[in-house]
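The values are calculated or read from the model by the stated rules, or taken from the named source; none is laboratory data. Quantities reported herein were computed from a predicted structural model and do not represent experimental measurements. FYI the Cβ positions are ideal-geometry reconstructions off the backbone, even for glycines, and counts take in every protein chain you see.
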Amino acid sequence: MSGAAGTPRCRSCGGEDLRVFLSLGDMPLSDGLLAPEDLAREEPRFPLDVAFCADCALAQILETVPPEQLFGADYPYFSSYTDSLLRHSAANVAARIGECHLDGNSLVVELASNDGYLLQYYHAHGIPVLGIDPAPGPVAAARARGIETRQAFFGRELAAQLAAEGHRADVIHANNVLAHVADTNGFVAGIAALLKEDGVAVIEAPYVKELIDHGEFDTIYHEHLCYFSVTALTRLFQRHGLSLNRVEPLAIHGGSLRLFVGGRSQPDRSVAQHLQAERRAGVDRLDYYTGFSARVGRIRSGLIALLGRLKREGARIAGYGAAAKGTILLNFAGLGAGMLEFVADRNVHKQGRYIPGVRLPIVAPERILREQPDYLLILPWNFKEEIMEQQAEFRRRGGRFIVPVPQPVIV
Ligand SMILES: [Zn+2]
């Protein structure tokens, strides 16, 4: 299923019985922020259709945009810019060090290690680390803070090479990357090859049940190829001799799962509990997904109606947070310069660029207080508490916030 002609096949089981349940239309690349000189050119768009595999229950998008196009030199996402992500990572590391009895002889590998935002906490404890990430900017930033990092895509080949060099991991972290890789099976096979016999892979991925139940359609974008349930994951790991042994729900990114995976089968109660809950809710059946499209349409029309009313009343509206999901939401709802004045973002690498498709300018947050719009539309709604806290002065001066998902509301 490479986007080439022919029958699409499931990314996990290879089955051909894929049922499309949501089409978002042709969308620009959500992280492909535009430089001023790009504005003269038309940008590439790719269809965004989501399907359910009737064989293994994996929800997935049909199009695969080549990774070089998705994660090229301009890839703007530097993890360390989010305070709550750093706190989440520090707590994750502290728990693993205690649980896995790690010391100076251990090895912790992170796949998609970005700028070393997570491995830095192991490094500070004197535990050897190795980061792997394909994006040159974040890799350079990680090395600058002393985190050994390979600039590469992880998969079967790299795992075999690392194992041959004597690198075997006590802990492998893979946060928000499993859903992003085009070769899902190669990635999991690589984990199996790189893990020590009693090692543990700690994998975080957004939970499809949260996505569907909370209308989080804007977390669907081209980078994000799979939308995992515990049912689908169990089958994926089993195929590579790995066992899903523990599942922890996480509040981060609008509802994620932290999965503990190892070579030995020793599942605790959390795995059976999740599988049971999924069967009860119907997560393993197509019906569960088919009502989602209508719900997404209602979120879109509700948001357009709300912003339209505010504009007619003379309100000035800006966006906050040039996140990937913001690109999807703004393009799907057609919210451009007629509706929003700008999008503010703390990340200096994003400032001065433009949101793909709708082409809204991304500016420094200082602009908010300087211009004091009446409303800020919070695009990365999963960080809304943190953003409203950062923008307390905006609110004190009479500004209000709009949160678009799960339904558009003014807060
Ligand atoms: Zn399948």
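A few remarks follow.
- Qualifying residue in segment 181-202 (condition: modelled with pLDDT under 95 and not acidic (D, E)): yes
- Every condition in (1) touching a residue at least 24 places away in the same chain (Cβ under 8 Å); (2) surrounded by fewer than 16 Cβ atoms within 10 Å (Cβ to Cβ) holds for V247 except the one numbered (2).
- Matching residues, segment 49-64, being over 14 Å from A179 (Cβ atoms) and either at pLDDT below 95 or within 14 Å of the ligand (Cβ to nearest atom) (or both): A51, F52, C53, A54, D55, C56, A57, L62, E63
- At least 3 residues being under 26 Å from A251 (Cα atoms) and touching a strand residue (DSSP E or B) at 6+ places or on another chain (Cβ under 8 Å) is the threshold, and among the strands (runs of 3 or more DSSP E) wholly inside segment 74-180 those reaching it are 108-111, 129-133, 169-175.
- For R150, the test of being among the charged types (D, E, K, R) and surrounded by fewer than 15 Cβ atoms within 10 Å (Cβ to Cβ) is failed.
- Strands (runs of 3 or more DSSP E) wholly inside segment 1-70 containing at least 2 residues that are exposed (fewer than 13 other Cβ atoms within 10 Å of the Cβ) and over 23 Å from the mean Cα position of the chain (by Cα): none
- Residue list for segment 193-210, filter: in contact (Cβ under 8 Å) with a residue 60 or more places away in the chain and under 13 Å from the mean Cα position of the chain (by Cα): V208
- Single match in I304, I299 (criterion: under 23 Å from the mean Cα position of the chain (by Cα), among the hydrophobic types (A, V, I, L, M, F, W, C) and under 21 Å from V411 (Cβ atoms)): I299
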